[in-house]
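Please read the structure below before turning to the comments.
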Amino acid sequence: MKKDSRVYIAGHRGMVGGAITRHLKSAGYSNLITRTSSELDLRDQASVLNFFEKEKPEYVFFAAAKVGGIIANNTYRADFLYDNLIMECNIIHASYLQKITKLLFLGSSCIYPKLAPQPLKEEYLLTGSLEYTNEPYAVAKIAGIKLCETYRDQYGCNFISVMPTNLYGIGDNYHPQNSHVLPALIRRFHEAKVAGSTSVTIWGTGTPKREFLYADDLADACIFLMENYAEKELINVGTGKDLTIKELAELIKEVVGFEGEINYDTSKPDGTPRKLMDVTKLHQRGWKHKVDLKDGITLAYHDFLQSKSRAER
Ligand SMILES: NC(=O)C1=CN([C@@H]2O[C@H](COP(=O)(O)OP(=O)(O)OC[C@H]3O[C@@H](n4cnc5c(N)ncnc54)[C@H](OP(=O)(O)O)[C@@H]3O)[C@@H](O)[C@H]2O)C=CC1
Ligand SMILES: C[C@H]1O[C@H](OP(=O)(O)OP(=O)(O)OC[C@H]2O[C@@H](n3cnc4c(=O)[nH]c(N)nc43)[C@H](O)[C@@H]2O)[C@@H](O)[C@@H](O)C1=O
């Protein structure tokens, strides 16, 4: 990418798209193209084709998606499948028609089979059944990977697929039900501390293991891969380290400064028992994350407090 290349960041107001936009701006990229979902609904094929024809992006960071935690995925099953599938078809097909130079598609660690061996190697894709709660989202993400692969096979498009692990960071979604575990617990522990509560309840058994990557680290990896990776095969992005949800809760409790007890609501789903990325391929290419989990949670907690005070103003 040249500093004046026309770069479209789909989903620039989201956590990941926002981080990619910040990183590109601070690296001196001067020709960034963005649209909110109300300006351009990526589910509308005619509008997407028209936008690509008019704006002629050269590079596309595809960070727009319908995203949410385990309950949102399991509740809005049709929306997670339909919205994500149709956005992928529209953006990837328009990128082919407009002969863009390169596209980076973001998938997720949930594309791997529920009971795949750990850590998850890229080649485990499509070797077993998916986790039920996020099957619609995972099927859409797998379709996105296959679109990138097949447009490369048939038309020679330089479309790459990047699979991030669970993410958190600046501009995360702190909704009490629909968010992912890390922002949900930041909010719950904070509210319990402010209310002087003696306990906080978290979902499931606390035994599932998850890996967490700070979104600014992912943004850095995406720019690195846009510049240094041009293969058909997907590539994982993560830290290579995981912890149990119970350990995560203890860490967030400490950062937030809550002093009560932790209870478990086992009527809520645990989801996949473990999702640890094998990041050998990424490390071999020379990229490694920078922000460790405790520092990242501290930064995310500050972001939560700021977004709360902005909302109250
Ligand atoms: N968060 C996580 O833990 C993980 C995320 N990912 C992937 O990373 C990518 C970014 O996720 P994240 O930043 O967390 O998600 P966010 O929910 O923070 O952002 C998603 C963005 O997508 C845009 N969007 C959604 N629907 C439409 C639409 N119909 N038309 C146009 N734009 C739309 C939204 O735009 P607007 O704000 O303008 O409405 C929003 O800014 C996604 O592909 C996701 O699947 C992968 C692994 C983990
Ligand atoms: C990124 C990834 O995100 C989703 O998968 P997930 O990893 O299961 O996501 P999660 O963050 O929502 O939960 C992680 C674990 O944490 C437990 N948990 C405890 N207490 C809360 C809680 O309060 N909220 C949430 N959400 N989870 C909680 C929860 O029960 C589960 O065991 C996919 O649907 C898919 O979209 C995807 O790709």
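The values are calculated or read from the model by the stated rules, or taken from the named source; none is laboratory data. What you see is a predicted model, and the numbers here were worked out from it, not measured in a lab. Virtual Cβ from ideal backbone geometry, glycine too; neighbours counted across all protein chains shown. The area values use the complete protein model at the heavy-atom level, side chains included, leaving out ligands, DNA and RNA. Shrake-Rupley method; radii C 1.70, N 1.55, O 1.52, S 1.80 Å.
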Quiz prompt | Candidate set from region 220-272 (those that are away from ligand 2 (no atom under 11 Å from the Cβ) and aromatic (Phe, Trp, Tyr)); member that is most open to solvent (accessible area, probe 1.4 Å) | solution = Phe224
Quiz prompt | Residue count for region 196-242, restricted to those that are of a type in the set (Gly, Ala, Ser), within 29 Å of Lys146 (Cβ to Cβ) and outside any helix (DSSP H, G or I) | solution = 3
Exercise. Could you tell me whether Ile9 is away from ligand 2 (no atom under 16 Å from the Cβ), among the β-branched types (Val, Ile, Thr), more than 21 Å from Ile170 (Cβ to Cβ) and crowded, with 17+ Cβ neighbours inside 10 Å?
Key: no
Quiz item: Any idea which residue in region 15-65 is nearest to Lys141 (Cα to Cα), counting only those that are of a type in the set (Phe, Trp, Tyr) and within 10 Å of ligand 1 (Cβ to nearest atom)?
Solution: Phe62
Quiz item: Within region 2-9, can one find any residue that is touching a helix residue (DSSP H, G or I) at 6+ places or on another chain (Cβ under 8 Å), near ligand 1 (Cβ under 9 Å from one of its atoms) and touching a residue at least 24 places away in the same chain (Cβ under 8 Å)?
Solution: no
Quiz item: Is at least one residue of region 190-198 under 30 Å from His23 (Cα atoms) and either open to solvent by 10 Å² or more (accessible area, probe 1.4 Å) or modelled with pLDDT of 95 or more (or both)?
Solution: yes
Quiz item: Can you name the residue in region 174-189 that is more than 12 Å from ligand 1 (Cβ to nearest atom) and part of a helix (DSSP H, G or I) and, of all such residues, is surrounded by the fewest Cβ atoms within 10 Å (Cβ to Cβ)?
Solution: Arg187
Practice problem: Kindly establish whether Ile142 is more than 9 Å from ligand 1 (Cβ to nearest atom) and either open to solvent by 20 Å² or more (accessible area, probe 1.4 Å) or free of Cβ contacts under 8 Å to residues at least 40 places away in the same chain (or both). | Solution: yes
Exercise. Confirm whether Asn90 is touching a residue at least 40 places away in the same chain (Cβ under 8 Å), within 15 Å of the chain's Cα centre (by Cα) and within 12 Å of ligand 1 (Cβ to nearest atom).
Key: no
